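The values are calculated or read from the model by the stated rules, or taken from the named source; none is laboratory data. All values reported here derive from a predicted model rather than from experimental measurement. In this analysis, Cβ positions are derived from the backbone assuming ideal geometry, glycine residues included, and neighbour counts consider all displayed protein chains. Heads up: the accessible areas ignore ligands, DNA and RNA and are worked out on the full protein's heavy atoms, side chains in. Shrake-Rupley method; radii C 1.70, N 1.55, O 1.52, S 1.80 Å.
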Amino acid sequence: MYETFYNLAGPPFHNTPNSRFFFETEQHKEALAKLEYTVRNRRGFALITGDIGSGKTTLSRTLISRLGQDAKTAVINNTRVSSQQLLELIASEFGIENSVAGDKVKLLTSIKQFVTHQHTMDRAVVVIIDEGQCLTIDEFEEIRLLTNLETEAHKLVQLLILGQPELRQTLRHPRLAPLIQRIVMYMHLKPMSFEDMTRYIAFRLVRASKGRPNVDFSREALRMIYARSEGVPRVVNLVCDNALLVGYSRNTQMVDSQVVDAAITQMLPNLDLESTDQFGEVGGPAADMLEEELDHGRRL
Ligand SMILES: Nc1ncnc2c1ncn2[C@@H]1O[C@H](COP(=O)(O)OP(=O)(O)OP(=O)(O)O)[C@@H](O)[C@H]1O
Ligand SMILES: [Mg+2]
């Protein structure tokens, strides 16, 4: 809607886990590198936890696009299913014929055949379980069967489980000790720092622009966005999207504190409005930094 006004080719703060908009904060970069290493070296089992909206799904989408043709991937989002259905879902994601539904032994045999075939083609087989906090102990035990598929040197199925922090509680259950012992990589995604958030905003604007986004954010505006979002990418997106809308409606390309204030006030649902006037002391020449990042992006 406001794209032309700011010289953008598309919406910069769309809340979808689009790998094209993946921004490498230190920790996202580290997590991605470790995940790719785990998969490419057939290490087996990785676990990522993080607060709501911290970037877990975005990270997994970016991993899939990085792996490209080198991997066959099954992504399981709907974890509210029985453990048998979970295996069926995985098989169907891999395109394994569904004629064996209902027969667990045959199902496991088919999965094993598929996995072995991909191994001979030198292709990784990756199972990504998103929203892992919804999984039951039984389901986790079922999944463990997959981690047993291995050669002497390599795990044949690479398992990536993503979930909100309460997932850690489930995994502490004694029955899951054998599974936990198999985790070779674990990271917890924290919210972004103020500096990361500033670069994140600039990055997304440049990514969405036709070369040069025609918009600026004041230092005060950035502070307000950080105070409201606490560095959580999904909330940063929401505030920024609203702020651009308010700027557009006021015919200004300068997103300042008044614009952000209006954007936050209009955000629905605005359950903690009183927190918007509690700006923490965030140092650093934020506006300059954003300007620098935008300039950098323009030169690319
Ligand atoms: N590193 C990143 N680069 C670019 N955008 C990001 C990044 N991390 C998060 N986002 C943005 O924030 C939004 C929320 O991220 P995502 O859906 O990946 O979070 P999540 O941790 O999976 O959340 P949930 O716990 O609700 O499943 C995404 O739609 C994406 O636009
Ligand atoms: Mg998610």
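Might you tell me the accessible area per residue for the chain, computed with a 1.4 Å probe and given in Å²?
48
Take every DSSP beta bridge with both residues inside the chain and express the antiparallel ones as a percent of the total, to the nearest 5.
Antiparallel: roughly 10 percent of the beta bridges in the chain.
In degrees, nearest 10, range 0 to 90: what is the angle between the Cα axis of helix 137-147 and the longest Cα principal axis of the chain?
Between the helix axis and the principal axis of the chain, the angle is about 70 degrees.
Just tell me which lysines come within less than 18 Å, Cα to Cα, of K72; anything on the same chain fewer than 8 places away is out.
Once the sequence-local lysines are set aside, what remains near K72 is K112, K155.
Calculate the spin-label point distance for L245 paired with Y2, positioning each point 7 Å from the Cα along the beta-carbon direction, and give it in nanometres.
Here the answer is 0.9 nm between the modelled labels.
Please arrange V81, V184 by accessible surface area, largest first, computed with a 1.4 Å probe and ligands excluded.
The residues order as V184, V81, largest area first.
Taking the Cα atoms only, what angle lies between the long axis of helix 26-40 and the longest principal axis of the chain, rounded to 10 degrees?
On a 0 to 90 degree scale, this one is about 20.
Could you look at region 26-189 and say what percent of its accessible area is carbon and sulfur, using a 1.4 Å probe and all protein chains?
That fraction is 48 percent.
Listed highest first by mean packing, meaning other Cβ atoms within 10 Å per residue, what order do 88-95, 217-224 come in?
For the peptides 88-95, 217-224, the packing ranking is 217-224, 88-95.
Mind pulling the angle between the C-alpha long axis of helix 233-249 and the longest principal axis of the chain? Nearest 10 degrees, somewhere in 0 to 90.
30
With the contact rule set at Cα under 8 Å and sequence spacing of 6 or more, what percent relative contact order holds for the chain?
Computed value for the chain: 25 percent relative contact order.
Highest mean first, how do 49-60, 21-32 rank when packing is the count of other Cβ atoms within 10 Å averaged over residues?
49-60, 21-32
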